[in-house]
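All remarks here apply to the structure that follows.
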Amino acid sequence: PYTGPSVDEILAKRRQFLSPSMFYLYKKPVNIVEGRMQYLFDEGGRRYLDGFGGIATVNCGHCHPDVVDAIVSQVKRIQHPTILYLNHAVADFAEALASKMPGNLKVAFFTNSGTEANELAMMMARLYTGCQDMISVRNSYHGNAAGTMGATGQRSWKFSVVQSGIHHVLNPDPYRGPFGSDGEKYAKDVQDIVDFATTGHVAGFISEAIQGVGGIVEAAPGYLPAVYKNVRKAGGLCIADEVQSGFARTGNMWGFEAHGVVPDIVTMAKGIGNGMPLGAVVTTPEIAEVLTRRSYFNTFGGNPVSTAAGLAVLKVIDKDNLRENASTVGAYMKDRLTALKEKYEIIGDVRGRGLMIGVELVSDRQKKTPANAETLHVLDQMKEMGVLIGKGGFYGNVFRITPPLCFTKEDADFLVDVMDYNMSKL
Ligand code: PMP
C-alpha cells in the first residue's frame, strides 16, 4: 500500500517548490504511483486505462519487465563511466538501431531529449549545406530550446527567442488546410519560400509525419515526396522528426514510411527508451562527418543505462509484435471512433494512423468552431471513469489517443464506450 504524501501535500509542495510554469491535465490532478503495461494506478490503488502513454512515450507498456530488467542489470554494473571510455551498451544499441533504418541512415548520435536531437539535426543540416535557411511547418512542435522553439510553429509554445533563419510553411492539414488532402498544392508553398524568401539554397526542411502536439495531424498524401524533391533540389536536407511517430506507434517502425520517403536525418526520443531519458539523431556517415569539425559532446547522451533500455525496447517491439498490434488495434479503434462521429455532431474529425489517433471537437461542423470547453469536460469525465487520454491541437480541442502499443481491442472498446457515454451527457 502507498505510504507517501497525500495529493494535497504534493500539491502544496508543487506550489511552493516547483516552477509556477508547470501545469497538469485535470481540474483535480491524478497522483500516479505505479504502472503496469497499459494500466496506471493512483495512491488508493485505483486503476486507470492509459490512453496517452506518457505522451506517446511508453510504447512497450509501463514497467515492461524486459525493459526494467535491462535497466536494472545495467545500472548495477555501471551507470556512468562517461562516453569518453568504451562500453558495449551504446555500441550495441547503435548497431541495432541502424538495422531498423532504411537506406544509408546508419550512424547515430545520442542525446537525452527530443529537443536536443532536433537542435543537433538542424545544426548539422546547416553545417552540411553551408546555408542558414530552414523550413518548418506551421502547427508543428520540435522542442523548447532556442533553435527548436523557433522551428516550432505554434505561438503557445514560443517564448521570445530569436528565430533567425526559420520559415514556416502552410500546414498540409487535410481537415483545416485550404487545399484539403491535396499534398502537392501545399508543397508549392515550400517551393515559394525557397524562391521568394531565400537565395534559392536552403539548409533543410523539418517536419513530423504526424503532428503530435499539433493535434494528430498527418501530412496530406503526396506532400512529403513533393517537398523532399524540391528541398533537395535547393541543396537542403530533409529531417524527419520521429519523436512521437517513431518506434512502431503508427503500425510502421517510422511515421515517414507511410509517405514513401527516406529522410536524410531522423530525430527520435520519447518511445526510444520507453520512458528513459534518451534521444537520437540518425543520419548517413557522410552527413555525420560535419560534427568532426569541432568537438561535440553530451555528458549523459548515450549512457549505458539509457541505451540498454533502448536496446530492450527494440527487442520488445519485435517480440511483442507491437507494429502489428498498433496497426490492427489502431484501425479497430479508429473505426469505432469514426462511428461515434455519426452519432455526435460535435465530433468534427477522426484521424490518425496506428495507435496515434486524434478526435477533433467542433461546435459547428461547417465553421469548424473549436469546442474546447467540451473537450476539457469530456477529458475530465473520462478520467473520473478510469480512462486517461490526452488533449492538444492549436485550439486545444483535439483528443490525443496514444496509448502503450500493447493496447488490446477490449481496451479500445472500453475507451470508446467511456467516451461515448460522456459525449451523450454533453
Ligand atoms: N518533437 C516532437 C514531435 C515532440 O512531440 C516533442 C515533445 N513533445 C519534441 C520534439 C521535444 O522532445 P522533448 O520534450 O524530449 O525535448
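The values are calculated or read from the model by the stated rules, or taken from the named source; none is laboratory data. Everything numeric here is computed off the predicted structure, so don't read it as measured data. All Cβ positions, even for glycine, are placed from backbone atoms using ideal geometry, and neighbour counts span all protein chains on display.
Of all the listed residues (A269, A240, A209), the sole one being of a type in the set (A, V, I, L, M), within 30 Å of V72 (Cβ to Cβ) and in the same structural domain as M101 (by TED's automatic domain parsing) is A269. Could you tell me whether the stretch 220-238 includes any residue that is aromatic (F, W, Y), within 16 Å of the ligand (Cβ to nearest atom), in contact (Cβ under 8 Å) with a residue 40 or more places away in the chain and touching a helix residue (DSSP H, G or I) at 6+ places or on another chain (Cβ under 7 Å)? There is no residue in the stretch 220-238 that is aromatic (F, W, Y), within 16 Å of the ligand (Cβ to nearest atom), in contact (Cβ under 8 Å) with a residue 40 or more places away in the chain and touching a helix residue (DSSP H, G or I) at 6+ places or on another chain (Cβ under 7 Å). Scanning the stretch 129-138 for residues that are out of contact with any strand residue (DSSP E or B) (no Cβ under 6 Å at 6 or more places or on another chain) and crowded, with 22+ Cβ neighbours inside 10 Å gives a single hit, D133.
Within the stretch 262-285, residues that are in contact (Cβ under 8 Å) with a residue 12 or more places away in the chain and part of a helix (DSSP H, G or I) reach partners that are more than 10 Å from the ligand (Cβ to nearest atom) and of a type in the set (S, T, N, Q) with beta carbons closer than 6 Å, at six or more positions or on different chains, in the pairs G271/N59; G273/S306.
In the stretch 367-380, the residues that are hydrophobic (A, V, I, L, M, F, W, C) reach residues that are assigned to a helix (DSSP H, G or I) with C-beta atoms within less than 6 angstrom, at least six apart or across chains, in these pairs: V378/N422. Which of the residues spanning the stretch 150-167 are surrounded by fewer than 21 Cβ atoms within 10 Å (Cβ to Cβ), within 13 Å of the ligand (Cβ to nearest atom) and assigned to a loop (DSSP other than H, G, I, E, B)? Correct list: Q154 only. Of the helices (runs of 4 or more DSSP H) that lie entirely inside the stretch 53-149, those containing 3 or more residues that are touching a residue at least 40 places away in the same chain (Cβ under 8 Å) and either of a type in the set (S, T, N, Q) or more than 12 Å from the ligand (Cβ to nearest atom) (or both) span 65-77, 88-98, 114-129. Scanning the stretch 244-264 for residues that are more than 16 Å from the ligand (Cβ to nearest atom) and touching a Gly at 6+ places or on another chain (Cβ under 6 Å) yields G251, V262.
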